[in-house]
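Trainee: There's a structure below that I have some questions on.
The values are calculated or read from the model by the stated rules, or taken from the named source; none is laboratory data. Model, not experiment: these values are computed from the prediction. All Cβ positions, even for glycine, are placed from backbone atoms using ideal geometry, and neighbour counts span all protein chains on display. In case anyone asks, the SASA skips ligands and DNA or RNA and just uses the protein heavy atoms, side chains included. Shrake-Rupley method; radii C 1.70, N 1.55, O 1.52, S 1.80 Å.
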Amino acid sequence: MMIPEQRRDFIYRYVHEKNAASFNELADLMSVSHMTVRRDIQLLEEEGKVIAINGGVKLNNLLKSELPWREKAELNHDVKRKMGQLAAMLIEPGQTLYLDAGTSLFEVAKAVAASHCFNLTVVTNDFSISHYLMDMPHITLYHTGGLVDQRNRSCLGKSAASFLHTINIDVAFLSSSSWDTERGMSTPSEGKASVKEAVLTVSRRRVLVCDSSKFGKYGMFHICGLQQLTDIISDNRLPEDAQQTIASQGVKLHLVDGLEGARHAEVSG
């Protein structure tokens, strides 16, 4: 039996992945009464995380906070792994890469390390990524430093951004908690926004790695329009109209096939 805090975390994670859920569904999954589910959802709604709808609940498209690293790692893991494999196909020996913070980018780091592409330099603000790459002899590793975000195991803010302004990056792989064709990339964290903005200014190729579950959401702080990216790696559940809009903006869109491994389609305008 879960305690109330665990139930609310479960509901938020479940709705974060599915975008919506019914009261019946949640009550069955947690083996609790409908009244208990309704009380938990009311508290989550007061925190601005979800919105109660007729018969259930949906995710609030305006993100006010992100899940902790460990909980995000459990969501859409297979798709993230395949996106990471696809991302590694875009790199060449001798390049300088930036790997943004996040669980999708951790999968990129694993794929990059396994690629045995030599003489790489990797810059990251993510502690999990830097720890994973620490013992890879074919990779020169830099960490940005800066204010530590313990919840997401990364550094953010002006110090991290200042370091990034001192280097040139060949390929930047970026993460985002929220993105769409109207508002572009955004985040609920001002500190994260400053780091991502710095990366965009110093990178030759700018690749967003983000699954479709985060599409259609937005945070308070705008980072960039999607047309400022060169590539987007996502999955084939991305809405068809979004695919066409992205392609029309001159951005190369790579979609992993969730059923058939790392094979992918490219959508061009």
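Trainee: Just how large is the dipole of the chain about the Cα centre, in debye to the nearest 20, putting +1 at every Lys and Arg Cβ and -1 at every Asp and Glu Cβ? Each step should come with its number before you reach the end.
Mentor: On the way: 29 positive and 32 negative charges, 66 e Å.
With only Lys, Arg, Asp and Glu charged at Cβ, the dipole is about 320 debye.
Trainee: Once the convex hull of the alpha carbons of region 75-157 is built, what does its volume come to per residue, in cubic angstrom?
Mentor: Details: hull volume 6.8 nm³, N = 83.
Spelled out: Cα convex hull of region 75-157, divided by residues, is 82 Å³.
Trainee: Can you tell me the convex hull volume per residue for region 133-269, based on C-alpha atoms, in Å³ to the nearest whole number?
Mentor: 130 Å³
Trainee: Now a separate question. When only C-alpha pairs under 8 Å and at least 6 residues apart count, what is the relative contact order of region 82-184, in percent?
Mentor: 30 percent
Trainee: When you have a sec, figure out the Kirkwood radius of region 177-232 from all distinct Cα pair distances and drop it here in Å to one decimal? Can you show the working numbers first?
Mentor: Values: mean 1/r = 0.0889 Å⁻¹.
Evaluated on region 177-232, it is 11.2 Å.
Trainee: Between ALA247 and ASN119, how many nm apart are label points set 7 Å from Cα along the C-beta direction?
Mentor: 3.7 nm
Trainee: For a quick check: with amide H placed at 1.01 Å from N, whose amide H comes under 5 Å from SER189's, ignoring anything fewer than 5 positions away on the same chain?
Mentor: Here PHE221 satisfy the definition.
Trainee: Give me the number: length gained by fully extending GLU25 to PHE10, i.e. 0.36 nm times residue separation minus the C-alpha to C-alpha distance, one decimal in nm.
Mentor: 4.2 nm
Trainee: Tell me, what is the percent relative contact order of region 202-241, built from C-alpha pairs under 8 Å that lie six or more residues apart?
Mentor: Computed over region 202-241, the figure is 59 percent.
Trainee: Dipole size in debye (nearest 20) for region 129-269 around its Cα centre, Lys and Arg Cβ +1, Asp and Glu Cβ -1?
Mentor: Values: 14 positive and 15 negative charges, 89 e Å.
Roughly 420 debye, rounded to the nearest 20.
Trainee: Could you work out how much longer the chain between ILE167 and HIS77 gets when fully extended? Use 0.36 nm per residue separation minus the Cα distance between them, nm to one decimal.
Mentor: Length gained, ILE167 through HIS77: 29.3 nm.
Trainee: If R₀ is 51 angstrom, what is the calculated FRET efficiency for the pair GLU45 and THR140, using the beta carbon separation as r and rounding to 0.05? Don't jump to the answer; show the numbers that get you there.
Mentor: Details: r = 47 Å, r/R0 = 0.93.
Between GLU45 and THR140 the formula returns 0.60.
Trainee: Could you compute Rg(Cα) / (2.2 N^0.38 Å) for the chain, with N its residue count? Show your work: numbers first, answer last.
Mentor: On the way: Rg = 18.8 Å, N = 269, 2.2 N^0.38 = 18.4 Å.
The reported ratio for this selection is 1.02.
Trainee: Also: Top mean-square fluctuation among VAL32, VAL209, VAL79, Gaussian network model of the chain, C-alpha springs under 10 Å?
Mentor: In the Gaussian network model the winner is VAL32.
Trainee: How much FRET efficiency would the formula 1/(1 + (r/R0)^6) give for ASN54 and LEU147, where r is the Cβ-Cβ distance and R0 is 51 Å, rounded to 0.05? Write out the running numbers ahead of the final one.
Mentor: Numbers: r = 42 Å, r/R0 = 0.83.
Efficiency computed from Cβ-Cβ geometry: 0.75.
Trainee: With equal scatterers on the alpha carbons only and no solvent term, can you work out the Debye log10 of I(q)/I(0) for region 119-183 at 0.15, 0.18, 0.24, 0.28 1/Å?
Mentor: Values, matching the q order: -0.55, -0.76, -1.15, -1.30.
Trainee: Same structure, new question: Rank these residues by their accessible area, most exposed first, probe 1.4 Å: HIS16, HIS116.
Mentor: So, going from the largest accessible area down, we get HIS116, HIS16.
Trainee: Something else now. So if I take the centroid of the Cα atoms in region 188-259 and the same for region 1-22, what is the distance between those two points in Å?
Mentor: When both Cα centres are located, 26 Å separates them.
Trainee: Can you work out the accessible area per residue across region 99-201, with the rest of the protein chains kept in place, probe 1.4 Å, in square angstrom?
Mentor: It amounts to 41 Å² per residue over region 99-201.
Trainee: Okay, next question. With an 8 Å Cα cut-off and a minimum separation of 6 or more residues, compute the relative contact order for the chain in percent.
Mentor: The normalised contact order for the chain reaches 15 percent.
Trainee: Another question, if that's okay. Whenever you get a sec, line up MET136, MET89 from highest to lowest accessible area (probe 1.4 Å, protein heavy atoms).
Mentor: MET89, MET136
Trainee: Let me make sure I get this right: for region 6-56, a, b and c are the square roots of the gyration tensor eigenvalues over alpha carbons, sorted descending. Under 1.5 in a/c it's rounded, otherwise prolate if a/b > b/c, else oblate. Which is it?
Mentor: Rounded, because the longest to shortest axis ratio a/c is under 1.5.
Trainee: State the extension gain, in nm to one decimal, for the chain segment bounded by ARG38 and ASP257, taking 0.36 nm per residue of separation less the distance between their alpha-carbons.
Mentor: 75.2 nm
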